[in-house]
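Only one structure is covered here, and it is reproduced in the block below.
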Amino acid sequence: MHAARRAPIGMFDSGLGGLTVANALMRRLPSESLLYFGDTARVPYGPKSPETVRRYALQIGEWLVQEGVKCIVVACNTATAHALEALQSALPVPVIGVVEPGARAAVRASRFGPIGVIGTSGTIGSGAYVRAIQQQSPTVTVLSAPCPLFVPLVEEGWVDHPATRLIAHDYLSAMRDAQVDTLVLGCTHYPLLAAVIAAEMGPDVRLIDSAEETAAEVERVLSDRGLLQDPAGQHDAGPVHRVVASDAPQHFLTLGGRFLDVPLTAVEYHVFT
């Protein structure tokens, strides 16, 4: 059991965006080691079919298990929407997604509704957030809109660029017109655009990032299973974090530290054949 507690938490996303969830985990569970996989060779996931996203997710999940992780966080809304159940059925470790935690946080934050959700085409098309929010609050009105260009803008590092502001203004017009009081950032890339989105939506709209709620869910699951690392038993070197990308690791290294809020010293490379 001691060895199991020492094992890393595995995480994956289509690229950089899941580092927002990694950041929340590192702050909430500072004794835990992380193994993060960014599938930069196949980003973005949003326009791809559910079958393709499930295939990618199962490849990555099986690889993370082979690397010895004790649980897996699907730090990607599209993969959560299309592949969470398949991963939970196929893998021998707990698998936690980001949609349910984000829905809970939105319902708690909303004062009178409606609640807006923005995400990739895949996430929005799946209806996963609408279902999850209405399970929590059956009478609330939920509006959703795809914002497919946000992911490539983040991957390029264009988080405060005139083109990004123009695109955000267009994408968010329906949410502004509907006067949503809460807006779910239904893609883990989107918190990196929070300043631009907040400027468009105005100060009265609460932005929901599922990262904090997901980190709390990971803590609960690991605690229930006796898998939390004991800070008193942590080896002197502290937690060990590994970051792996399936393409352009140097680009990931350059941008990743900015998004993670801590310097990255190395990004490993692994590609699926």
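The values are calculated or read from the model by the stated rules, or taken from the named source; none is laboratory data. Here the structure is a predicted model, which means the values were calculated and not measured. Cβ placement follows ideal geometry from the backbone for every residue including glycine, while neighbour counts extend to all protein chains displayed. Ligands, DNA and RNA are stripped out before the accessible areas are found, and what is left, the full protein with its side chains, is counted by its heavy atoms. Shrake-Rupley method; radii C 1.70, N 1.55, O 1.52, S 1.80 Å.
Some notes on this structure:
- Residues located in the stretch 111-136, provided they are open to solvent by 30 Å² or more (accessible area, probe 1.4 Å), of a type in the set (S, T, N, Q) and more than 18 Å from L172 (Cα to Cα): Q134, Q135, Q136
- Filter result for the condition that a residue is over 28 Å from I197 (Cα atoms) and out of contact with any Ser or Thr (no Cβ under 7 Å at 6 or more places or on another chain), over G61, G125: G61
- Test: residue in the stretch 171-183 that is within 15 Å of V99 (Cα to Cα) and aromatic (F, W, Y): no
- Selection status of L64, out of contact with any helix residue (DSSP H, G or I) (no Cβ under 9 Å at 6 or more places or on another chain), in contact (Cβ under 8 Å) with a residue 24 or more places away in the chain and open to solvent by less than 40 Å² (accessible area, probe 1.4 Å): yes
- Of all residues in the stretch 88-104, those satisfying the criterion of being surrounded by fewer than 23 Cβ atoms within 10 Å (Cβ to Cβ) and either out of contact with any Lys or Arg (no Cβ under 9 Å at 6 or more places or on another chain) or farther than 15 Å from A216 by Cβ (or both) are Q88, S89, A90, L91, P92, V93, E100, R104.
- Close pairs from the stretch 152-168: first without any contact (Cβ under 8 Å) to a residue 60 or more places away in the chain, partner outside any helix (DSSP H, G or I), Cβ under 7 Å, at least 6 apart: T164/W158; I167/L149
- Failed item, numbered, when V180 is tested on (1) part of a loop (DSSP other than H, G, I, E, B); (2) open to solvent by 50 Å² or more (accessible area, probe 1.4 Å): (2)
- Strands (runs of 3 or more DSSP E) lying entirely in the stretch 12-120 (those with 1 or more residues that are under 25 Å from V142 (Cβ atoms) and modelled with pLDDT of 95 or more): 71-74, 115-119
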